[in-house]
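Readers should treat all values here as calculations from the given coordinates under stated rules, not as data from a laboratory. Predicted model, so just to flag it, every value in this text is computed and none were measured. Cβ coordinates were reconstructed from backbone atoms using ideal geometry, including for glycine residues, and neighbour counts include every protein chain displayed.
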Amino acid sequence: MVDHRLSEEHEALRESVETFARKEVAPVIGDYYEREEFPYPLVATMGRMGLFGLPVSEDYGGMGGDYFALCLALEELARVDSSVAITLEAGVSLGAMPLYRFGSEEQKRTWLPALATGEALGAFGLTEPGGGSDAGATRTTAVLDGDEWVINGSKAFITNSGTDITSFVTVTAVTGEKPGGGKEISAIIVPSGTPGFTVAKKYSKVGWNASDTHELSFDDCRVPAANLLGERGRGYAQFLSILTEGRVAIAALGVGLAQGCVDECLRYAGEREAFGHKIGEYQAIQFKIADMEMRAHTARLAYYDAAARMLCGEPYRKQAAIAKLVSSNAAMDNARDATQIFGGYGFMNETPVARFYRDAKILEIGEGTSEVQRMLIAKELGL
């Protein structure tokens, strides 16, 4: 029998994150967002809660849970705020998981414990200023000079790359040419503060204003040869698998935003009056909110399905792409409808729906655009 009900452990986690989001994130995040300031106290609390170590083995300081647990946490956080949610998502999916999946035992012992407790953040530098979706067009280079890699190039839009607790960035770089032609791309760990590694001024963004995003540059940046992550020449392939996992996590984040829009609109529809009645009594508003709930529910089922297949070891690339596409659409549509229901107040940055509206768009772009998801789905269908 198909059963989408949560286990006792997963439900307990969901409830604890929901309580944290409502009681500790919601009252303060608007100020962080307006100041475009990274919420270090909230990140520290999430670390103490074990959220950064949810899918990481206890051997490396993690909670020994599964990736679905991370997704549940992301959904509950994003119901209140996406900046906090993406900080967790990127810290785990892009920072810790490449190391956890492909790192040597020494690399794991060195870096993972601090990442799993939220005391440190890792980032992943894939996107470059001249290439977003075309990640294979990497121009950053790494040349082996004795027992050191010499890295030159730049990366763009890298989350968690410039915080006070960022300990390293893993970057993809061209390390040679494949035997049959084409670029050999590898992944290399670059510790923060390494000479030649420069973190540019933070971006001025439309949304996710309380998260950390920077452009990075590497000018004859030298790191030990032992900082190669995984196999030489497998950096791009390794990260494609990390992106597939990440799509499920981003889908959960999108569902959270979509559900948060429903939460806010239900509250507002029961308070706001127009023409002598609560606006929730009007069928036009009822239908709009019903459509919003339908989108959030459908998107949730999509990411639950993808996560279930992942945990069972079944192929899930198509399902991950579907979940990411459906959830980002739901987030965008719900944010637009929520802003409309709130009217003028929805256009004021002091309201959560204004943040939702600003935060939703990037979900159709980051970690694989909607167009890329359609390409992946079509390819999985044999087209």
| Cβ crowding within 10 Å averaged over residues, with 171-183, 58-70 ranked highest first | 58-70, 171-183
| message | So, R0 is 35 Å and r is the distance between the beta-carbons of Arg48 and Leu240; what FRET efficiency does that work out to, to 0.05? | response | 0.60
| said: Only Cα pairs within less than 10 Å get springs; with that Gaussian network setup on the chain, which residue of Arg234, Arg309, Arg267 has the largest fluctuation? | reply: Arg267
| task | Rounded to the nearest Å, what's the spacing between the alpha carbon centres of segment 136-194 and segment 28-93? Just the number, please. | result | 26 Å
| task | Give me the net charge of Val174's neighbourhood, meaning all other residues with Cβ under 12 Å from the Cβ of Val174; Lys, Arg count +1, Asp, Glu -1. | result | +1
| remark: Sequence order, segment 252-258: Karplus ³J(HN,Hα) from phi using 6.51 cos²θ - 1.76 cosθ + 1.60, θ = phi - 60°, Hz rounded, Gly and Pro as x, gives 4, 4, x, 4, x, 4, 4
| request: Check the straight Cα-Cα distances from Lys201 and name the aspartates and glutamates below 12 Å, setting aside those fewer than 8 residues away within the same chain. | output: Asp212, Glu215
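Using the Cβ atoms and a cut-off under 12 Å, what net charge is assigned to the surroundings of Phe38, where Lys and Arg are +1 and Asp and Glu are -1? Write down the numbers at each step before the final one.
Working: positive: Arg35, Lys202; negative: Glu36, Glu37, Asp164, Asp212.
Local net charge: -2.
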| Ranked by Cβ crowding within 10 angstrom, fewest neighbours first, how are Ser161, Ser57 ordered? | Ser57, Ser161
| note | Dividing the mean separation of Cα pairs under 8 Å (6+ apart) by the residue count of the chain yields a relative contact order in percent of 16 percent
| task | May I ask you to list the lysines whose Cα is less than 23 Å away from that of Lys324, ignoring any residue fewer than eight positions away on the same chain? | result | Lys205, Lys288, Lys361, Lys379
| query | Listing Tyr33, Tyr316 from the residue with the fewest other Cβ atoms within 10 Å to the one with the most, what is the order? | reply | Tyr316, Tyr33
| request: Quick one: what are the phi-derived ³J(HN,Hα) couplings along segment 36-46, Karplus 6.51/-1.76/1.60 with θ = phi - 60°, whole Hz, x for glycine and proline? | output: 6, 10, 6, x, 3, x, 5, 5, 5, 5, 4
| Which loop-located GluC sites (Glu not before Pro) does segment 207-294 contain, where loop means any DSSP state but H, G, I, E or B and the Cβ has at most 14 other Cβ atoms within 10 Å? | Glu231, Glu271
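Please give the FRET efficiency for Ala12 paired with Met294, using the beta carbon to beta carbon distance and R0 = 25 Å, rounded to the nearest 0.05. Please report the intermediate quantities before stating the final value.
Details: r = 28 Å, r/R0 = 1.11.
Using R0 = 25 Å, I get an efficiency of 0.35.
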| Quick one: if you stick a label point 7 Å off each Cα along the C-beta vector at Ala200 and Thr110, how many nm between them? | 2.8 nm
| task | Would you please classify the overall shape of segment 123-233 from the alpha carbon gyration tensor, given that a ≥ b ≥ c denote the square roots of the eigenvalues, rounded means a/c under 1.5, and beyond that prolate means a/b larger than b/c while oblate covers the rest? | result | oblate
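Rounded to the nearest 500 deg cm²/dmol, what is the calculated helix-only ellipticity per residue at 222 nm for the chain, with -39500 (n - 2.57) per DSSP H run of length n ≥ 4?
My calculation for the chain gives -15500 deg cm²/dmol from helical runs alone.
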| query | Could you put Asp305, Asp359 in order, starting from the residue whose Cβ has the fewest other Cβ atoms within 10 Å? | reply | Asp305, Asp359
| note | Calc'd 3J(HN,Hα), segment 75-92, phi into Karplus 6.51 cos²θ - 1.76 cosθ + 1.60 (θ = phi - 60°), Hz, glycine/Pro = x, comes to 4, 5, 5, 5, 4, 10, 7, 8, 5, 5, 5, 6, 4, 5, 4, 5, x, 8
| Degrees between helix 370-380 axis and first principal axis of the chain (Cα, 0 to 90, nearest 10) | 70 degrees
